[in-house]
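Rule-based calculations on the coordinates, nothing more; no lab input. Note that the structure is a prediction, hence the values are computed from the model and not measured. Methodologically, a virtual Cβ is constructed for each residue, glycine included, from the backbone with ideal geometry; neighbour enumeration extends over all protein chains shown.
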Amino acid sequence: MQAFSCKSNQMLKAGIAIFTIFSLHANVLASIVTDIPPLDKSFRLIFINPGMEWQFPTDQNSLFILNPAFGYGGSFPNLSGPTASVFLYDLSPKLTIQQLWFYNREKRSEKGRSISGNSGNFISLRLYSRGPSVSSNFTRKTDIEFAVGPTWGLQRKYGQNFSLFFDIGPVYYLDIDGNHGFFPIFARFSLGMIIN
């Protein structure tokens, strides 16, 4: 238990450092005066890994996202037991909490590209959690897992209300028993519909 407490403190310190760096960068971006319209508060229904997503503007160029969902996930190497299968799947409830900082909305607007529906490229800090498995072809060591890390991504709106979201980045992952590790590429992709 002492080892888990030490690892938790290290993860907390790393998370605070990453959040501070992103916040400083966001403050610099926010201080740049622009003539583009502000980001929109929106609610979206997501089709891949079905769920709901709320997006809340936190300033001129940043959004806070809350995304409860249910769907597919793979295995984190140190959080599951041995398996003979090459293709690993896990169907379970998930929650993603994310802070996005857009960096190219003004440039998109100047080039005549759409920035509606919060379209743009971003960097972010993502916290991902996964609950108990409903169906899986491997055994997880615990029912609750977390992953945190920085990402780069893009979000687009097509037509009246179709949305596309993609981001990718490394993650530090752990479970409630203290098992943990690092995964270099963790991606999130979603297609959905903007309701309002």
Open item on the list: Just checking, does the range 124-135 include any residue being among the hydrophobic types (A, V, I, L, M, F, W, C) and closer than 30 Å to PRO38 by Cα?
Closed with: yes
Open item on the list: If I filter the range 100-110 for residues that are in contact with a Lys or Arg (Cβ under 7 Å, 6 or more places away or on another chain) and of a type outside the set (Lys, Arg), do I get at least one hit?
Closed with: no
Task: Among the candidates ARG156, ARG140, residue that is basic (Lys, Arg), touching a strand residue (DSSP E or B) at 6+ places or on another chain (Cβ under 7 Å) and under 24 Å from PRO77 (Cβ atoms) - done: ARG140
- [ ] For the range 139-166, enumerate the residues that are of a type outside the set (Gly, Ala, Ser) and under 11 Å from TYR128 (Cβ atoms).
- [x] GLU145, PHE146, VAL148, THR151
Task: Candidate set from the range 118-137 (those that are of a type outside the set (S, T, N, Q) and crowded, with 17+ Cβ neighbours inside 10 Å); member that is nearest to the chain's Cα centre (by Cα) - done: ARG126
